[in-house]
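Quick notes on the structure that follows.
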Amino acid sequence: MLLRLAYLGVANAFAMLRLLPMGDRGKTVEIPALRHQIMVLERQLGRERVRFAPSDRAFLAALLHQLPRDVLRGVRLLVRPDTVLRWHRDLLARRHAVASRPRRSGRPRTVHSVRALVLRLAQENPGWGYRRLHGELLVLGVKVAASTVWEILQEAGIDPAPERSSSTWADFLRSPGRGPAGL
């Protein structure tokens with residue numbers, strides 16, 4: 001659509017340049033001729049409506065929105081003046097909707113400092129799981145969800161469960177006992 005709109009803009013700019021050397025008499029003859037062609041087209045269409053492409057709508061809206069409403073009502077068009085004004089409102093609404101749309105969709109990324117703190121706590125306290133890390137972060141005043149802590153640990157390749165450094169029962173039973181007798 002953007003390419004078509006650019007084409008229409010360039011084509012109409014050349015059409016306006018064609019009018020520069022033309023005198024007032026030529027312009028006054030061309031205007032009634034164009035109006036007559038519009039009337040013939042309306043007669044041929046009957047009750048059918050003319051279908052404008054989005055680029056045609058945008059071009060007409062940009063061209064005609066500056067005219068006062070009473071002048072716009074006097075201009076011979078294939079559509080009602082209110083339709084042209086609605087097209088202009090839609091054009092502006094789309095432009096502002098695109099400008100105000102967020103750049104990235106989805107959940108915003110976690111702040112780098114929070115990410116670094118989670119990884120540091122996990123490395124310094126290997127026995128803590130993601131829930132314990134989440135609780136400690138809340139004590140420190142860092143508001144982050146437990147699922148976010150879990151995702152940070154997963155992305156870093158650290159197992160979020162507390163058994164990442166703890167031994168199993170089998171390891172515990174195989175280890176040499178140190179008790180009062182072994183001293």
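Taking the criterion of being part of a helix (DSSP H, G or I), open to solvent by 70 Å² or more (accessible area, probe 1.4 Å) and either touching a helix residue (DSSP H, G or I) at 6+ places or on another chain (Cβ under 8 Å) or more than 24 Å from Ala6 (Cα to Cα) (or both), would at least one residue in the stretch 73-86 satisfy it? Yes, the stretch 73-86 contains a residue that is part of a helix (DSSP H, G or I), open to solvent by 70 Å² or more (accessible area, probe 1.4 Å) and either touching a helix residue (DSSP H, G or I) at 6+ places or on another chain (Cβ under 8 Å) or more than 24 Å from Ala6 (Cα to Cα) (or both).
When Ser55 is evaluated against the numbered criteria (1) polar (S, T, N, Q); (2) under 30 Å from Gln154 (Cα atoms); (3) open to solvent by less than 70 Å² (accessible area, probe 1.4 Å), which criterion, by number, is the only one it fails? So the condition that Ser55 fails would be (2). Based on this model, can you work out whether Trp128 counts as outside any helix (DSSP H, G or I), hydrophobic (A, V, I, L, M, F, W, C) and touching a residue at least 12 places away in the same chain (Cβ under 8 Å)? Criteria met by Trp128.
Scanning the stretch 111-127 for residues that are polar (S, T, N, Q) and surrounded by 10 or more Cβ atoms within 10 Å (Cβ to Cβ), which turns out modelled with the lowest pLDDT? Among residues in the stretch 111-127 that are polar (S, T, N, Q) and surrounded by 10 or more Cβ atoms within 10 Å (Cβ to Cβ), the one modelled with the lowest pLDDT is Asn125. All of Pro160, Pro108, Pro176 fail the test of being touching a Phe, Trp or Tyr at 6+ places or on another chain (Cβ under 6 Å), of a type outside the set (Phe, Trp, Tyr), assigned to a loop (DSSP other than H, G, I, E, B) and modelled with pLDDT under 90, apart from Pro160. Given the criterion in contact with a helix residue (DSSP H, G or I) (Cβ under 9 Å, 6 or more places away or on another chain) and under 24 Å from Leu3 (Cα atoms), identify the matching residue among Ser55, Ser100. Exactly one residue qualifies, and that residue is Ser55.
The values are calculated or read from the model by the stated rules, or taken from the named source; none is laboratory data. Being a predicted model, the structure only gives us computed values, none of them experimental. FYI the Cβ positions are ideal-geometry reconstructions off the backbone, even for glycines, and counts take in every protein chain you see. What goes into the accessible areas is simple: the full protein's heavy atoms, side chains included, and nothing from ligands, DNA or RNA. Shrake-Rupley method; radii C 1.70, N 1.55, O 1.52, S 1.80 Å.
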